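Q: Take a look at the following structure, please.
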């Protein structure tokens, strides 16, 4: 089977942060990623919709799964790296994957079968094939708004963005280290 690779564009905010959503508490936050990390993340997102990729994920041993986990900055729960998509990002990737499949079906089955059955109907037996091409949708994802406050993670030398009004513990998305987050009003005093 051939491999499908494509660049899937996701919008970043003005500071180049990428939106994520906790699969447990459903709160959104943002992560500052390198360009290569964002490209890998987008490809893994597309792969997660493919059957073969899901079957390969089942073959991973437990230590590999533990190494691929991230931590929610708000609730501290851990989940595999492919669990942090927002609902809008999942809908966007779903349309992209459906369009890929529609293109493959249209090019390899619907159009060739129509031509084949037209040629066969010239003898004594008449065979008629009526197949409609699968329509494709325009994938769309909203532009990223510039919200949330930047929170430095000294443990991993990375940055995330969290809700402006968050005053509880903040966990490092990458290693899970907990930080006490002070209310911004008390910092101004």
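The values are calculated or read from the model by the stated rules, or taken from the named source; none is laboratory data. Just so you know, these numbers come straight off a predicted model, no measurement behind them. Neighbour counts run over all protein chains shown; Cβ positions are idealised from the backbone, glycine included.
Q: For region 123-132, does any single residue satisfy the condition of being surrounded by 13 or more Cβ atoms within 10 Å (Cβ to Cβ) and either at pLDDT 80 or above or assigned to a helix (DSSP H, G or I) (or both)?
A: no
Q: Okay, next question. Of the conditions (1) exposed (fewer than 14 other Cβ atoms within 10 Å of the Cβ); (2) out of contact with any strand residue (DSSP E or B) (no Cβ under 6 Å at 6 or more places or on another chain); (3) under 16 Å from residue 74 (Cβ atoms); (4) at pLDDT 80 or above, residue 183 clears all except one; give me its number.
A: Evaluating residue 183 over (1) exposed (fewer than 14 other Cβ atoms within 10 Å of the Cβ); (2) out of contact with any strand residue (DSSP E or B) (no Cβ under 6 Å at 6 or more places or on another chain); (3) under 16 Å from residue 74 (Cβ atoms); (4) at pLDDT 80 or above leaves (4) as the failure.
Q: Here is a list of conditions, (1) assigned to a loop (DSSP other than H, G, I, E, B); (2) surrounded by fewer than 16 Cβ atoms within 10 Å (Cβ to Cβ); (3) at pLDDT 95 or above, and residue 176 meets all of them except one; can you say which number that is?
A: (2)
Q: Restricting region 142-159 to residues that are out of contact with any strand residue (DSSP E or B) (no Cβ under 9 Å at 6 or more places or on another chain) and without any contact (Cβ under 8 Å) to a residue 60 or more places away in the chain, which is surrounded by the most Cβ atoms within 10 Å (Cβ to Cβ)?
A: Selected residue: 156.
Q: Another question, if that's okay. Hey, can you tell me all the residues within region 25-38 that are surrounded by fewer than 14 Cβ atoms within 10 Å (Cβ to Cβ) and part of a loop (DSSP other than H, G, I, E, B)?
A: Listed by number, the residues that qualify are 25, 26, 34.
Q: Could you check how many residues of region 44-89 are assigned to a helix (DSSP H, G or I) and either under 16 Å from residue 29 (Cα atoms) or modelled with pLDDT of 95 or more (or both)?
A: Qualifying residue count, region 44-89: 6.
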